[in-house]
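Just so it is clear, none of the values below were taken in a lab; they were calculated from the coordinates. All values reported here derive from a predicted model rather than from experimental measurement. We place every Cβ from the backbone using ideal geometry, glycine too, and count neighbours over all the protein chains shown.
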Amino acid sequence: MSDKKFECELPQFHTPSAEIREILKNYKTVAVVGLSTDPAKPSHEVAHYLQSVGYRIIPIHPKASEILGEKAYPSLRDLPSDLKVEIVDIFRRPDKVLPHVQEAIDIGAKAVWFQEGIINNEAARLARDAGLKMVQNKCMLKEHRALELD
């Protein structure tokens, strides 16, 4: 077990409910970075739920070839250029999200979403400065249900 402790960071950016609603209503193609092949993992549960309510899921996993019946890609940079991602939903440790945010910017995503428990203000600032909508420390499944969008 590692002795390294992760610094607890408080979000400097808070996305208003109206903006979260707009993201969830208007953007329907979601690349899920860190989507697990294990159905018991939160990333799999969230992606399966989103898929069940009409979102297109694009799995991003370095070793899987398919998850939830969809072709998986090793990284966002490996996506075909004609595949337009609107939301990049990230299930990675806070200290690992910055490169994924840069990839999201590079592929022309509209929004970046850090799942519940994931806060990285530097990465959030990078996304916002590039003009992307940014949500951190919130679960897409919970927000979708709370806003009664289905």
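Odds and ends about this structure:
- Farthest positive-ward along the range 1-145 dipole, Cα basis, beta-carbon charges - from A64, P99, V30: V30
- The range 17-146, dipole about Cα centre (Lys/Arg Cβ +1, Asp/Glu Cβ -1), debye to the nearest 20: 220 debye
- Anisotropy class of the chain from Cα gyration tensor, a/c 1.5 cut: rounded
- Annotation: amide H-H contacts under 5 Å for S36 (H modelled 1.01 Å from N, sequence separation of 5 or more, or interchain): S43, H44.
- Residue-wise HN-Hα coupling along the range 59-75, computed from phi with Karplus coefficients 6.51, -1.76, 1.60 (Hz; x: Gly, Pro): x, 10, 8, x, 10, 7, 9, 7, 9, 6, x, 10, 4, 9, 10, x, 7
- Set of lysines near K28 by C-alpha distance (under 19 Å), chain-local residues within fewer than 8 positions excluded: K71, K84, K110, K133, K138, K142
- Fraction of antiparallel bridges per DSSP, the chain only, in percent to nearest 5: 10 percent
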